[in-house]
1. Applying 1/(1 + (r/R0)^6) with R0 = 25 Å to the Cβ-Cβ distance of D90 and L125, what FRET efficiency is obtained, to the nearest 0.05?
2. Using 0.36 nm per residue of separation minus the Cα-Cα distance, give me the extension gain between A36 and A279 in nm, one decimal.
3. Give me the lysines in straight-line cross-link reach of K221: C-alpha distance below 29 Å, same-chain residues under 8 apart excluded.
4. In segment 1-45, what percent of the accessible surface is made up of carbon and sulfur (1.4 Å probe, ligands and nucleic acids excluded)?
5. Beyond 29 Å, what share of the Cα-Cα pairs of the chain remains, rounded to the nearest whole percent?
6. If r is the Cβ-Cβ distance from E108 to D261 and R0 is 35 Å, what FRET efficiency results, to the nearest 0.05?
7. In nm, to one decimal, how far is the L183 label point from the E310 one, both placed 7 Å along Cα→Cβ?
8. Using the basic label-point model (7 angstrom from Cα toward the beta carbon), what is the E254 to S3 distance in nanometres?
Amino acid sequence: ELSLAAAAIRPAAVELFDAGVPVLRIGALLAALVEAVVEKCIGWTPPFSGVAPDDEGEFAWLLLGSLARREPLPVSDVDTALVWRAPSYDDRPEALREAADRVLTLVEQCGLERCPDGANADGPLFNRPFDVWVQRARHWEEHADGPGSLLLSSMLADSRPITGLRLGRKLARKVRSTPENPLFRKRMLQEALTRRPPVGFVKDFVVESDGEHRGQLDLKKRGLAPVVALGRWIAICTAAPIESTQERLRAGAEAGLLSADESRALQHAHEEMYELLFAAEVEAIRAGRPASTYVDPTALDTLTRRHLRESFKAIARVQERLEGQWISRRR
């Protein structure tokens, strides 16, 4: 029954899109529906079953990435992590990884996909005791140049508990209360600024020069991701709880990390590119073909191309200013 109900999620997203509902609102609804499916699968699987959502308990399941920010695309995969305080599993963590795998198998039977890049609660990097999560977070902040530290810190910044809420929120408070490390903040910003929009000097856009996606650009990686990364950096600097990218950009202006104009420009760029990607995935669902985040700029109408070009330029301008001014803004 759950599988049948979950099969209606994507068609519902298509209907809402056709009805003209704002895509960011549809994304938030999608996140809530996917979360409900995952929570139900968790509740059926020992040893996670029978625990009230707001009970601190022994286990907290976390959603990561766009689902945690409540801005997934229609065909987004499900990124998860597990935090636990269960002495009976201290000597056999593999048992919890196996249990997490059973949960994710149920999730897949409902038509959703676990993260193909490994950000899953059944893996050792994303399945840790509470104290180890806290230790690792402090280590990442103190050794920002360590391998994988920025990636894992970013994922933890984009996390939201869906079961064991008290335990999950306690972890979030512990992580956000770590002493501010200027080097860590600087490295996080540098990592965000490496994601440059595809603005060319001669042509409109920088596109792939060869391979399967020749003449196309990855709008999620090259356009949406730079804005999301800046929003994440703002959240880390302000120690804010998990929010959407739009909320983070507004908070950036309130904290003085962005000017009001920069905040509005980034919000507009984020919404524009999210809508383009959402529309592309809706079309893929209609056609029954795999969704892709690559777009062919020549297939866009002239007005859309112009707006997209201006959004890329706006992102690049903000990145350039932040690169030289972030210390004074942080103060």
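1. The pair D90/L125 has a calculated efficiency of 0.90.
2. 85.1 nm
3. Cα-Cα hits under 29 Å: K186, K203, K313.
4. Values: 1450 of 2310 Å².
Exposed carbon and sulfur together represent 63 percent of the surface.
5. I get 41 percent for the Cα pairs in the chain exceeding 29 Å.
6. Values: r = 44 Å, r/R0 = 1.27.
My answer for the efficiency is 0.20.
7. That separation, rounded to one decimal, is 4.4 nm.
8. Label-label distance for E254 and S3, simple model: 4.5 nm.
The values are calculated or read from the model by the stated rules, or taken from the named source; none is laboratory data. Because the structure is predicted, anything quoted here is derived from the model rather than measured. For neighbour counting, all protein chains shown are included, and Cβ atoms are generated from backbone atoms with ideal geometry for every residue, glycine included. The protein model used for the area step is the full one, side chains on, heavy atoms only, and it has no ligands, DNA or RNA in it. Shrake-Rupley method; radii C 1.70, N 1.55, O 1.52, S 1.80 Å.
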